[in-house]
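Quick notes on the structure that follows.
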């Protein structure tokens, strides 16, 4: 079959390419959960807030994508199929999955995404799309990018064609899910809520890892502490590293975490004490983070390493405030 496309696939914009993509796959397999599960639920239930830092200032990313996929599958009674070793037969595999009327979550290298200049002209990063169609005659794939930032920081989405050759050259992993009658049934809403709260608690507690690796809130503290290394960098390296640091904190980092907390609290408002007070403090904290991120980006562009120490102290103070807010949240989250 030269052309295959998934039927009746509804696409919505989201907050983060991975967790929005997972929600799309969940609703595809379990449509009865559409009104019950928010993107923020999946983020917290699957340990999405847990980033890892290993000493590379340009990289602070999800601690384990495999763990996220497995926990997501366990939470919703799904069978997870994934690989991060793409072979020569990948197109045949994609065709077979699509013919089963299933959508595929694909992990891509961003320069191969030719539908927007932010990818074509930017540095290489990881990005995640939904693949829902292939036309081998015209050499085109149909994809959905549910969340990405343009050069001004605005969140955009895209649904449409992507060159099949670009897709095959840029893909480095993929996953799909199916309801498996032999799997344990999906957790109920109360169990899923407790799972999310447990994930938040783990984030705030010490992680025992080999030297040089940090996760949870410790990863953020170690990351900011290492900014002192920028002082001796050459101008171009300094600017590039500051841009990457901004990206790490903005995409999948603290800013996404704060956005997801707002969504999570709004959805579970009957379980959170002092709701309005918690949200006001959350909004204030997010504004302070936003201003500090802008300052980091500006310092990088203007090459002002002498201003970094004061900003470093400000970030450490913001992390302390965030830790206190997390403790208050856990005290007020009804178990």
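All of the numbers you see were taken from the coordinates with simple rules; none came from a lab. Fair warning: this is a prediction, and the values are worked out from it, not measured in the lab. Cβ atoms come from the backbone with ideal geometry, glycine included; neighbour counts cover every protein chain shown.
Residue exposure proxy: 155, 74, ordered by other Cβ atoms within 10 angstrom of their Cβ from fewest to most, comes out as 155, 74. Extension gain, residue 313 to residue 159: 0.36 nm times the residue separation minus the Cα-Cα distance gives 51.3 nm. Stokes-Einstein D for region 1-62 at 10 °C, 1.306 mPa s, Kirkwood Rh over Cα pairs, in µm²/s? Rounded, D is 115 µm²/s.
Each peptide in 260-269, 104-113 gets a packing score, the mean of other Cβ atoms within 10 Å over its residues, and the list from highest to lowest is 104-113, 260-269. Each of 123, 6 has some number of other Cβ atoms within 10 Å of its Cβ, and from fewest to most they run 123, 6. P(r) for the chain: what percent of alpha-carbon pairs falls in each 20 Å bin, starting at zero? Percent of pairs per bin, in order: 30, 57, 13, 0. Extension gain for the segment residue 172 to residue 36, taken as residue separation times 0.36 nm less the Cα-Cα distance, is 45.8 nm to one decimal. The calculated FRET efficiency for the pair residue 79 and residue 255, based on their C-beta separation and a Förster distance of 25 Å, comes to about 0.15. Highest mean packing first, where packing is the average number of other Cβ atoms within 10 Å per residue, the peptides 249-255, 294-300 line up as 249-255, 294-300. Between residue 302 and residue 281, the FRET efficiency estimated from the beta carbon spacing at R0 = 41 angstrom works out to 0.80. If you take the Cα centroid of region 109-137 and the Cα centroid of region 24-103, the two points sit 18 Å apart. All C-alpha to C-alpha distances of region 179-335, sorted into 5 Å bins beginning at zero, yield P(r) values of 1, 8, 16, 18, 16, 13, 11, 7, 5, 3, 1, 0, 0 percent in whole numbers. Taking the centroid of alpha carbons for each part, region 182-206 and region 162-176 are 32 Å apart.
Counting neighbouring Cβ atoms within 10 Å and putting the fewest first, the residues 283, 306 line up as 306, 283.
With the cut-off at 1.5 for a/c, could you classify region 152-272 from its C-alpha gyration tensor as rounded, prolate or oblate? Judged from the Cα gyration tensor, region 152-272 comes out oblate (a/c at least 1.5, b/c at or above a/b).
Diffusion coefficient of region 51-112 by Stokes-Einstein, Kirkwood radius over Cα pairs, 37 °C, 0.692 mPa s: 231 µm²/s. Put simply, when 49-60, 177-188, 157-168 are sorted by average Cβ atoms within 10 angstrom per residue, most first, you get 49-60, 157-168, 177-188.
Helical runs assigned H by DSSP (4 residues or longer) give the chain a calculated mean residue ellipticity at 222 nm of -15000 deg cm²/dmol, each run adding -39500 (n - 2.57) before division by the residue total.
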